[in-house]
Structure formats: C-alpha cells, structure tokens
1. Could you state, as a whole-number percent, how many of the C-alpha pairs of the range 73-155 are farther apart than 14 Å?
2. Show the residues, 5+ positions off or on another chain, whose built amide H is closer than 5 Å to the amide H of N62.
3. If you filter the range 57-112 for trypsin sites (Lys or Arg not before Pro), then keep DSSP loop positions with at most 10 other Cβ within 10 Å, what is left?
4. Order these peptides, 238-248, 206-216, by their mean beta-carbon neighbour count within 10 angstrom, highest first.
5. Compute the distance in nm between two label points, each set 7 Å from the Cα along the Cα-to-Cβ direction, one at S99 and one at N115.
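Read the figures in this text as sums done on the coordinates, not as results from a lab. Since we're looking at a predicted model, the values are computed, not measured. Glycine also receives a Cβ, built like all others from the backbone with ideal geometry; neighbour counts cover every protein chain displayed.
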Amino acid sequence: MLRLITSLSVASLLITANSFAAEITLTTPDNFALKADYYPSKSNVKTASNRAVLMLHQCNYNRTMYDNIGEQLAQQSIHALSLDFRGFGESISSDFNVSNIRKLPQEERRNAWSNMSSHWPEDVQVAFDYLKEKVGENGKVGIIGASCGGSQAITLAEKESISAISFFSSSQRDENIARYGKTLIETPTLIIASEDDGRTYTSAQQLFATAKHPDSKMISYKGNMHGYPLLDSDAALEETIVTWFDSELEK
C-alpha cells in the first residue's frame, strides 16, 4: 500500500488522488511520537464528511491490519485512522518496544507491559481528537477495537460521544462488561468472535446479551481464529464491517 510519510501539520496537504493513506505522526502530551495511517474521506470536496472511524489493532499485530478497511471506509466518505499503540509497529522507542518487553523475565515483563499500556488511553485520546477535528463538533465517530484494543475502545467511549462501537475478537473481563453495561448499553455495537476462541467468545456473548440498541449485531465463526486471520478467511468480513459503520454513522 502506498503511504506518504508526513507530519501531522502537513498530512492533509500532501495526500494525492492516488494515495490510499497518509502516514502521520501524532504527538502525545508527554512528547511521544505515535504513528498512524489516516484515510481521508473521499467525499465531494464541496461536501465535507462528518463521519469517522478510529481503528485499534490487536496486541499481536499493528495498524496495518486495517489497511483494506480504512480504504473502504474512505470510499464510503468516512474518515478513518489506524493507530499503532505505543510500543507496537512504528510507535516504538528505547523505553517502549513490545519486542524487547517480551524477552524480559516474567516479573519485569509484567511491570514493563503495565507501564507501557498505562499510556494507551491518553494515546488513543490523541488519535480521537485528530479525527474529531476532521468531522467537526457535530460529527459522528465510531471505533473498532481488536483483541486488546477493545478495552481501550470502552475507555474512550466512556469519556467521549461514540456513535458506534465494534469489538473484534476482543476478550473482556467482567469488569469491562459491567462498564459497557453502565454507560454504553444503548450504543450500536458490532461484536465479532470465533466460537472456540475461549474467553473471547464467552465474553462476546455476554456483551451481546447486555447490548440494548436494536442495531447491535453479533457475528460468530466456527473454529478458534482470533482477529486478523478472520479477515483473510472470510473475504466478505471487511465489507460487512464497513457497511455496518456506514449505516450506523449515517443515522
């Protein structure tokens, strides 16, 4: 996929008609550089799009898992942004690098992971703020979180107005399901999980049972595939996700 290496301030100026995405750098309050791919809405230039989707990857992958979905959302006149979590993909530093963390002894690894992931809510907020600027104060923003990204989606949606939320192979603790039930129960929700994916599937069932919005939907698969491999195994899944967000953000 063609990407343009840009800074946040000039990203939108350097996008060409043939670009799929602009690679941008988002700077956090503690001056950490987050890499993200921004897919600008391909709406008529005279009609600015007021819809966007923030895409959060699973913790054994990176932002590129959403390459095709981001492009398809843009084709539907929806801004999209796929973020590399701090420590993943190209959002790495000497202090935050998941590859190095996974080589540490167990206790050190646990502490290093906790320190790294503690920054994610603020990092996700920066990405959300970027999209919110694109759609305006009255714009609608949806969010999809794969695996570990699902809990970050809940955290963001508790603070911000999220018009649609999707959990993609995202195992949730009982605490998170209770948080969802308290504040997000009326938010349109798309849940995707494999039946033999352990806690991921049982928590998906719990989330779906909790959801009250009539447009909430659960898609289940046979087997135990988790997250990204489902996109490869079902050629229609990407389009299903895009169509659902397109419908919900249009309302």
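1. Tail fraction, whole percent: 68.
2. none
3. Sparse-neighbourhood loop trypsin sites (Lys or Arg not before Pro): R102, K103.
4. 238-248, 206-216
5. Each label point lies 7 Å from its Cα, and together they span 2.0 nm.
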